[in-house]
Each structure stands twice: as C-alpha cells, then as structure tokens.
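These notes concern the structure reproduced below.
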Amino acid sequence: MSPKETLTKFLTALQHGDFAEAKKYATANSQSFLDMAGKSDNGAADVYKNQDFTITDNVSINGDEAAVEVKDNSGGQGVNFRLQKQSGAWKVEFNLTTLFDMAKDALKKTGVDVKKEVQGAIDSLKTDLDSLP
C-alpha cells in the first residue's frame, strides 16, 4: 500500500471514530496517543469525526520516510502528515510531537514567526504575573 493509500485509510478511520482501525495504519510509537485520543470521555475523538479534507497528490518519499499533504476543505492551509515504513508497510506517525510539528509548519506557511510569537506570549504572561498582588 502506498503512503497516500495508508493515510487515506487512517484518516477515514478517524472520521468514523474507529480508533482501533486507525491504529492498524499508525506507527508503533503512535499507538498510546491513539488510545488516549480514542477515549470517549475526553472529547478528542469528536475532533476528527466528519472532517472534510482532501489528500493531495503531493507525496514525497525519502527512503523509509514519506510526507503526504492533506488540505482542509474549509479553506485551511495544507499540512504534511509524516509516514514511516515499518516492517515493510507504510505507517502514519501520529502523536503529540508530530501534531505540534504540523501546527508549526502550518503557521510558518502563513508567515507567522513561531519563536517570536511564543516569546511574546511568555513575556505577556510574565508581565501579567508580575502585576499580581
């Protein structure tokens, strides 16, 4: 199965709230994150349900790593999902680290200086905390 086919199956499973199915297409170190995200009591499972997206033909493969672009059909920026080849099969890398990396890449595409914005938020928080009695 190609990286695009694997990602399609993975995201379709998430859309249907089937985290057990999604885990079949995820890397070994994504399993615990999917277990946590799939718990019905935390609301995270609903984030993925009925998402409207397009998996583009923008696929890059470099050895045992691949990136596949996914665009949000509501007009959002495209993000690249990372995949790794494990035991001869493409698997989606889906955990907190990769989600943060995807968000950071999306912000960079819009021209946001992530480091500057985070530092500004920290400085603002410090100022707010310093003003407390």
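Residues in the stretch 68-77 that are free of Cβ contacts under 8 Å to residues at least 24 places away in the same chain and either touching a His at 6+ places or on another chain (Cβ under 7 Å) or part of a strand (DSSP E or B) (or both): Glu69, Lys71, Asp72.
Taking the criterion of being modelled with pLDDT of 80 or more, surrounded by 11 or more Cβ atoms within 10 Å (Cβ to Cβ) and over 19 Å from Lys71 (Cα atoms), the only residue of the stretch 97-133 that qualifies is Thr97.
Quickly run through the stretch 107-133 and pick out the residues that are in contact with a strand residue (DSSP E or B) (Cβ under 9 Å, 6 or more places away or on another chain) and hydrophobic (A, V, I, L, M, F, W, C). Matches in the stretch 107-133: none.
Have a look at Ala37, Ala13 and point out the one that is aliphatic (A, V, I, L, M) and at pLDDT below 90. Walk me through it before giving the result.
Working: Ala13 fails: at pLDDT below 90.
The unique qualifying residue is Ala37.
The lone criterion from (1) without any contact (Cβ under 8 Å) to a residue 24 or more places away in the chain; (2) surrounded by 16 or more Cβ atoms within 10 Å (Cβ to Cβ) left unmet by Gly88 is number (2).
Checked against the criteria, Lys108 counts as assigned to a helix (DSSP H, G or I) and of a type in the set (Lys, Arg).
Does the stretch 55-73 contain at least one residue that is more than 19 Å from Lys4 (Cβ to Cβ) and surrounded by fewer than 11 Cβ atoms within 10 Å (Cβ to Cβ)? Looking for residues that are more than 19 Å from Lys4 (Cβ to Cβ) and surrounded by fewer than 11 Cβ atoms within 10 Å (Cβ to Cβ), one finds none in the stretch 55-73, hence no.
Suppose the filter is under 20 Å from Thr8 (Cβ atoms), part of a loop (DSSP other than H, G, I, E, B) and at pLDDT 80 or above; does Phe81 pass it?
On the way: under 20 Å from Thr8 (Cβ atoms): yes; part of a loop (DSSP other than H, G, I, E, B): no; at pLDDT 80 or above: yes.
In short, no.
Considering only residues that are acidic (Asp, Glu) and under 19 Å from Glu93 (Cβ atoms), look in the stretch 52-71 and name the one that is farthest from the chain's Cα centre (by Cα). The selected residue is Asp64. Looking only at residues of the stretch 1-42 that are touching a Lys or Arg at 6+ places or on another chain (Cβ under 9 Å) and part of a loop (DSSP other than H, G, I, E, B), we find that the one that is surrounded by the most Cβ atoms within 10 Å (Cβ to Cβ) is Tyr25.
The values are calculated or read from the model by the stated rules, or taken from the named source; none is laboratory data. Given the structure is predicted, the values throughout are model-derived calculations rather than measurements. Glycine also receives a Cβ, built like all others from the backbone with ideal geometry; neighbour counts cover every protein chain displayed.
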